[in-house]
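Working notes for the structure below.
The values are calculated or read from the model by the stated rules, or taken from the named source; none is laboratory data. Since we're looking at a predicted model, the values are computed, not measured. Ideal geometry is used to build each Cβ from the backbone, glycine not excepted, and the neighbour counts take in all protein chains shown. We work out accessible area using only protein heavy atoms, side chains counted, and drop any ligands, DNA or RNA first. Shrake-Rupley method; radii C 1.70, N 1.55, O 1.52, S 1.80 Å.
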Amino acid sequence: MQEFKSIIARRLKKSTKQSDTDRCRPERSEGSDCVMRSPVIAFLGTTLRVGLLVLLLNSQFSILNPAFAENKSVIRPKIGLALGGGGARGAAHIGVLKVLERENIPIDNLVGTSAGAFIAALYSGGISPDEIEQYVLSGAMQKVYKTDFSILRAFFLHCSKVAHVFFGKSFYAGLYNDHRLHHFVDQVISKNDGSIELNLPLHIIAVDLITGLPVVIKSGDVGLAVQASTAIPTLRQPIQINDQLLVDGGVLKNTPVEEAKKMGSDLVIAIEVDAKLDQMHLKDFRTFEGVITRVISLGLKAQSEYILDKADIVISPNLAGVGILDLDPKSLAKAIKAGEEEAEKMIPKIKKKIEQKNSAMRIAKK
């Protein structure tokens, strides 16, 4: 700034000297004798040159230093993402995030349920969609999330029931009860010193078995919150946080549109990854996995019929052929691709909706 002031001072001094010279310099006009320039005209000329110079320097300074430019805040709607649950189908969220970043669609709030909570936590923690994709396709998801339906686990569950009858205490609370997912999330998003700072506001949905109500986790251990939100009843052990016993948020609120609005979002984009209720055959229900996935799909379908109507934009990737528990890399890659393709189709609609919100906000501000 001092440099620009010096330039102005030098120009002022030069202009003043020049005007003095001009005042005494004879000017010829065609067919006339020499005339002297009027002092008033000389003064106006000097003032005009100085004024233009100041305007030019101010504009240059504003460009080089935006903080000193005209102080006008950008008016745009806050955009919230509601990432729904759906097991392995939740990998589609990665594809959607990749497209939103590529199209420079800003994200201000994140709220997720179950698999949506997992992806939302990583993204909020500063992990890019490409990095999340690498984690998912590398087999990490299978290691930390896969539920093993082995005979051995069923045997332990049966023994636990017998122990409860004879000794009054069970030693095995469910088919899957470790905290690998919890620790994985915390490890991935933590800094070198072990601390965790989220880049975006994050809310995670679970359900409290004690009260029978949905719970919004807004703070605390991020990995533990994700573990609670993905604790599918009868498959995974409930997670105790304080005086609450939490299970999968998809039981009551699978696509948390309302929570995204409560976070202050002006525009909510819901990503639905529920399985479509296609006709199935008797042979599809010969396994425990076939029965439980169908039951889960029925519950999620009942919710989505009225919740999704409250979203401004709904992205529903075509995930035919990808089951809730299909955690193999091929199925996950297919889900990611489906999310990417559907998001690309929805971009014109998203941008139009943002512009409509912008116009409404500008009118309201006047």
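In the range 199-218, how many residues are loosely packed, with under 15 Cβ neighbours inside 10 Å and either assigned to a helix (DSSP H, G or I) or under 17 Å from the mean Cα position of the chain (by Cα) (or both)? Number satisfying all stated conditions: 2. Assessment of the range 230-246 against the conditions (of a type in the set (A, V, I, L, M), open to solvent by less than 40 Å² (accessible area, probe 1.4 Å), within 20 Å of Ala140 (Cα to Cα) and modelled with pLDDT of 95 or more) yields no matching residue.
Restricting the first member to the range 194-211 and to residues that are among the β-branched types (Val, Ile, Thr), and the second to residues that are in a loop (DSSP other than H, G, I, E, B), the beta-carbon pairs closer than 7 Å and six or more apart or on different chains are Ile196/Gly125; Ile196/Ser190; Ile205/Lys253; Ile205/Pro256; Val207/Leu252.
The single condition among (1) open to solvent by 10 Å² or more (accessible area, probe 1.4 Å); (2) in a helix (DSSP H, G or I); (3) at pLDDT 80 or above; (4) of a type outside the set (Ser, Thr, Tyr) that Ile105 does not meet is (2).
Of the residues making up the range 310-329, just one is in a helix (DSSP H, G or I) and either closer than 18 Å to Leu83 by Cβ or modelled with pLDDT of 95 or more (or both), namely Lys310.
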